[in-house]
Amino acid sequence: MIVVLVISILLAIAVPAWQKSRERTRRVTCFQNLRKIDDAKSNWAMINRKSEGDVPTEEDIAPDFIKGVIPDCPSGGTYTINGVGEKSECSTHGICPNSGE
């Protein structure tokens, strides 16, 4: 009985910390994906001589500037590419902080 009590107390402490860590990892991965999209968008604009505000499609940047396809948000959000000079954003996590643009 005491063993069950100790295990339940440990689980009560560990599970919320694990869930918080998992969500933090998802958010960091999402922001890394947004940085990849923004880098690909900048490269696309430079090579194709596009100006501020021009919006690439997924087909414009995915095969050449991002390997394969646009990555998916690990939390199930959707990415909005936005125009050149604007940060891309996620419907779940928002705009990536510190993306360098």
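Nothing in this text is a laboratory measurement; each read-out follows from the coordinates by a stated rule. None of these values were measured; they are calculated from a predicted model. Don't worry about glycine lacking a Cβ; one is built from the backbone with ideal geometry, like all the others, and counts go over all protein chains shown.
For this structure, a couple of remarks:
- For Ile95, nonlocal amide neighbours, meaning residues 5 or more places apart or on other chains whose placed amide H falls under 5 Å from its own, are Cys90.
- The chain, dipole about Cα centre (Lys/Arg Cβ +1, Asp/Glu Cβ -1), debye to the nearest 20: 560
- Derived value for segment 1-96: Kirkwood hydrodynamic radius 15.3 Å. Basis is the mean of 1/r over every pair of different alpha-carbon atoms.
- Using a cutoff of 8 angstrom between alpha carbon atoms and counting only pairs six or more residues apart, the relative contact order for the chain works out to 27 percent.
- Placing unit charges on each Cβ (+1 for Lys and Arg, -1 for Asp and Glu) gives the chain a dipole about its Cα centre, and among Tyr79, Ile13, Ile95 the Cα reaching farthest toward its positive end belongs to Ile13.
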